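Derivation of every value follows stated rules applied to the coordinates shown; laboratory data play no part. These numbers were taken from a predicted model, which means no experiment stands behind them. Cβ placement follows ideal geometry from the backbone for every residue including glycine, while neighbour counts extend to all protein chains displayed.
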Amino acid sequence: MIKLRNMLLVGLALAIAVCLIWRLRGSKVDDFAGTSSDPMSRSVRKSQPAFEASIINSYPEPASSTEGMVYIPGGEFSMGSLDPSNMMCGGDQPMNDARPLHRVYVDGFFMDSTEVTNEQFEQFAKATGYLTVAERRPTREEFPTAPEENLIAGSVVFSPPPRSVPLNNHFQWWRYVPGANWRHPTGPDSDLRTRERYPVVQVAYEDAAAYAKWAGKRLPTEAEFEFAARGGLAGKLYSWGDELKPGGKWQANIYQGVFPVRNGDTGEDGFKGIAPVAQFQPNAYGLFDVAGNVWEWCSDWYRADYYSALAQEGRIARNPRGPSSSLDPSEPNEPKRVQRGGSFLCTDQYCTRYMVGTRGKGEVRSASNHLGFRCVKDRPQ
């Protein structure tokens, strides 16, 4: 598949915009060759190791603290996910790229307790004059074959159809919107008034990395994100435990109702779209929204077979930084980074990647209105 923005600019805006989000959130057909006829898929399913207990570092917490961040002690844990399609509320996607389980060690680090907010990103934009990818008009050099009238800055926005539709056609609920960017998340008629404490969205990977550098931080590795999201718990389905709604109470901002048409009559979890940060209970490490709300960029390149490569080494992976290059079998020419945590659009009808240990991915210069990030900082030596 040709890159989203290229195809958009030659006149296929709608189709390609949807393909982008489909890639970002994952789908049954590009889930690490996730069909029963795929030999690698069969081998992954046959040999699933069990979760082992996590070993949490006992080093004392650093005396120095960082505002808005919590300390994650680090340690050794089993990384990855069992096949969620075999679980209640696990959806119908096997997510083979999140297996096999493998042992990983990460050093202690600090992590933002919430996603980066609009208020925080605005401080960065004002201080630096930075323009995000979605705010920049595509150039003739980037897209030499595109008609001039299609060289329009914008981004992808979730647009629910008026009635129920088959879930095998994702083109029906995404569209490219000229003028959509972090200041105008759903298009030029939207703004950030009263949304200062909402997660910033419509940020491509390079936008998130630029903010992190300005803030004296960095983006988390995939291993760091999962260790932190687990909160010291080993092998749980969610960042809060094994029960989706303990005591009948929602623990994350995800999608209820009939996807993609109606997110419940009022949004059963309290929100029909993105929620302000920190509206649900934090996990055991004090992190909010590491499941649901908005997807979050990680620094690792995405490869569908990366976990298999680590497992074949037969040793504990220490502070893994991801593969040296990207490879998604469904789109081998698209450079992609890992995304974690799922979003307010995750549902067991279509995508349950808010389950801890599962993975997402996204083309590095693409953005959407359900994609944000948070930062980490190394523990002082």
Compute, for the range 135-264, the length of the dipole vector about the Cα centre, with Cβ point charges of +1 (Lys, Arg) and -1 (Asp, Glu) only. Units Debye, rounded to 20. 500
Which value, in Å³ per residue, describes the convex hull spanned by the Cα atoms of the chain? 145
Around TYR306, what is the net charge, scoring Lys/Arg as +1 and Asp/Glu as -1 over all other residues with Cβ under 10 Å from its Cβ? -2
Total charge dipole magnitude, the range 295-381, about the Cα centre, Cβ charges on Lys, Arg, Asp, Glu only, Debye to nearest 20: 400
Extension gain from ALA284 to ALA63, taking 0.36 nm per residue of separation minus the Cα-Cα distance: 77.6 nm
With a cut-off of 11 Å, note down the residues of the range 158-174 whose backbone N falls inside the zone around a label point 7 Å from the Cα of ARG262 toward its beta carbon. 163-164
Pairs over 24 Å Cα to Cα, from LYS126/LYS361; LYS213/LYS336; LYS213/LYS272; LYS217/LYS336; LYS236/LYS361, come to LYS126/LYS361; LYS213/LYS272
Give, in nm to one decimal, the length gained when the segment between SER330 and ASP191 is fully stretched (0.36 nm per residue of separation minus the Cα-Cα distance). 46.5 nm
Using the Cβ atoms and a cut-off under 12 Å, what net charge is assigned to the surroundings of THR117, where Lys and Arg are +1 and Asp and Glu are -1? -3
Would you work out which of GLY232, LEU192, ALA304 lies farthest towards the positive end of the dipole of the chain, given +1 charges on the beta-carbon of Lys and Arg and -1 on that of Asp and Glu, about the Cα centre? ALA304
Taking 0.36 nm per residue of separation and subtracting the Cα-Cα distance, what length does fully extending CYS89 through GLN312 add? 77.2 nm
Point-charge dipole on Cβ atoms (K/R +1, D/E -1) for the chain, about Cα centre, debye to 20: 180
By its C-alpha gyration tensor, with a ≥ b ≥ c as the square roots of the eigenvalues, how is the range 236-328 shaped: rounded for a/c under 1.5, else prolate for a/b larger than b/c, else oblate? prolate
Considering the chain as a Gaussian network with a 10 Å cut-off on Cα pairs, which listed residue, SER159, SER81, SER326, attains the greatest mean-square fluctuation? SER159
Pairs of Cα atoms under 8 Å, at least six residues apart: use those to get the relative contact order of the chain, whole percent. 24
So what's the gap between the Cα centers of the range 88-137 and the range 232-306, to the nearest angstrom? 13
Partners for LYS249 among aspartates and glutamates (Cα-Cα distance below 19 Å; same-chain residues under 8 apart left out): ASP265, GLU268, ASP269, ASP289, ASP348
Loop-only trypsin sites (Lys or Arg not before Pro) in the range 297-381, please: DSSP not H, G, I, E or B, and at most 15 other Cβ atoms within 10 Å. ARG315, ARG321
For the range 147-192, averaging the sequence separation of alpha carbon pairs under 8 Å that lie six or more residues apart and dividing by its residue count, the contact order in percent is 37
